[in-house]
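To keep things clear, I will list the structure first and then write my remarks on it.
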Amino acid sequence: MDSDDEIEIIGESSSRPSCAGPTLCQLCDMDFDSENLSELQRHQHYEAHFNSSSSKELSNNKFRKPAIPKDLFKPYGFLPPLRKKPADEFWYPTLSRPPPDNYCPGLIPLLKHALKKSHTKGNTRRAVLCYESATHISVEAFDRQWGCGYRNFLMACAALMDQRVQSIYFALLDDPFPPSVRNLQRWIEAAWKEGYDLEGAKDLRSLVDTNKWIGTAELYTAFTFRGVPSQLVDFDLSKSEKGIQVMIDWIVQYFSPPNQKQGTVTDILRGASPVITTDKMPLVLQFNGHSQTIIGYEISRNGDTNLLVFDPSRPPRLRLRRAALAGPSSVVWEQSRTNQVLQSVMHPTSNGRSSKLKRPSSSSYMQQHKQTKSSELENEIIIVEDFDAPKSGEGSGVSPGQMQQSTLDPSNVVNHFRLGTSKLQRKQNYQILYFPMTNPWSIEERNERKVVTSISC
């Protein structure tokens, strides 16, 4: 085994050579080696962290974490986390460092613009999206075959740690160590040892450092153990005459904002918009063999309701991720090929009124003609290109600053996240995990929920 693949457990003796670097406390970065601390002293050092309400002050994280009330804090009876491998990194939107390659924030605002385009074309009647900072997190090489449940958990954590409705959730999820694939395994096993989900503990037996699949029941256990309220809802489609529509109606009700007879002008205009974002947390959808994160819904032209999902096994393409990171203002939206043909027939040359020509390519026969149209509501740009024109950054004569623009087809963007009822009808049983965003559970409330329960619809 290469040294890079070895795992060192902090606080225990190690046979690794000294060149591997100092042994540091994972909470305050104290150098155990330079302090000559024995194994017992290191253990006492960690116990001081876990039993002291001031332990968070030792962290040199520049982002302030909400304090945990004493009646909600309960020391964790397990060892500090393993040193995380680079492939098991956690990130959330308020961090200043760039996201890892398998993280993609900024997709909700981008999808919102694409859905507005789809509405303009008559393909989308209405769409409602979740919390705008929701982040897509895809599996990596090490968990590609079994990591969907873990990645959906991390998507939920990234949103919960960014929202401001219950800011205390941040501390509950981040202390004493942040979420990750392997740390979630540790959370669940620690919960089992304290009597949570004994049935799941009996079925899975051990979880840490394994490749075992987990589902929404294990996620419920992890969140309950940390005091973050969540609820499971079961849908048995075979028991309802309405079939999949029962679950669709529930999801629409969850994301739809309440009807307000009175409100500000902003509230009225927001409710009238065909595409809106809300402060709702994403949902975790579990079915046989897979799980996904629901980020909203869309009502199509024919009245069918499609779910909009983040699938951890389906990462966004590179062009889409770049556009999401840069923001919607960096995007030029393609018209459909039919509209391009009609535009070239009806307006073969620029009319000089609303069109602008980009700087031409160095090759005259590769000139690129673009027509732009401003929109006060969306600050959007509609692009019409010659079929043989070069793509952005490929000999188009675009300056380095302009090369950040991405050209996207709004239909392709929406289709990437769309999950239709025809696919949903292939399964008979679903389970949804949702977050009511109520106050954190006390120790007594957590103890009352050690047995996993769900609501049937």
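The values are calculated or read from the model by the stated rules, or taken from the named source; none is laboratory data. Everything numeric here is computed off the predicted structure, so don't read it as measured data. Heads up, the Cβs are rebuilt from the backbone with ideal geometry, glycines too, and the neighbour counts pull from every protein chain shown. Keep in mind that these areas ignore ligands, DNA and RNA; they rest on the heavy atoms of the full protein, side chains included. Shrake-Rupley method; radii C 1.70, N 1.55, O 1.52, S 1.80 Å.
Structural remarks
- Residue count for region 173-188, restricted to those that are within 19 Å of ALA217 (Cα to Cα) and either assigned to a helix (DSSP H, G or I) or in contact with a Ser or Thr (Cβ under 8 Å, 6 or more places away or on another chain) (or both): 9
- All of (1) more than 22 Å from TYR430 (Cα to Cα); (2) open to solvent by less than 20 Å² (accessible area, probe 1.4 Å) hold for ARG205 with one exception: (2).
- Residue match in region 188-197 (condition: modelled with pLDDT of 95 or more, acidic (Asp, Glu), under 14 Å from VAL451 (Cα atoms) and surrounded by fewer than 20 Cβ atoms within 10 Å (Cβ to Cβ)): yes
- Residue within region 219-228 that is part of a loop (DSSP other than H, G, I, E, B) and within 21 Å of ALA156 (Cα to Cα) present: yes
- Checking each residue in region 405-444 for being in a helix (DSSP H, G or I) and surrounded by 15 or more Cβ atoms within 10 Å (Cβ to Cβ) picks out PRO410, SER411, VAL413, VAL414, HIS416, PHE417, THR421, LEU424.
- Any hit, region 117-132, residues being under 13 Å from the mean Cα position of the chain (by Cα), of a type outside the set (A, V, I, L, M, F, W, C) and open to solvent by 30 Å² or more (accessible area, probe 1.4 Å): yes
- Restricting attention to region 189-228, the residues being touching a Ser or Thr at 6+ places or on another chain (Cβ under 8 Å) and closer than 21 Å to TYR434 by Cβ number 11.
- Filtered residues of region 148-175 (kept if out of contact with any Pro (no Cβ under 7 Å at 6 or more places or on another chain) and farther than 24 Å from THR277 by Cβ): GLY149, TYR150, ASP174, ASP175
- Qualifying residue in region 247-254 (condition: within 25 Å of the chain's Cα centre (by Cα) and assigned to a loop (DSSP other than H, G, I, E, B)): no
- Test: residue in region 400-414 that is within 24 Å of LYS117 (Cβ to Cβ), at pLDDT below 50 and not charged (D, E, K, R): yes
- LYS112 meets each of the listed conditions (1) buried (at least 23 other Cβ atoms within 10 Å of the Cβ); (2) part of a helix (DSSP H, G or I); (3) not β-branched (Val, Ile, Thr) apart from (1).
- Selection status of ASN152, surrounded by fewer than 22 Cβ atoms within 10 Å (Cβ to Cβ) and in contact (Cβ under 8 Å) with a residue 12 or more places away in the chain: no
- A count restricted to region 85-109 and to residues that are farther than 15 Å from LEU320 by Cα and buried (at least 24 other Cβ atoms within 10 Å of the Cβ) stands at 0.
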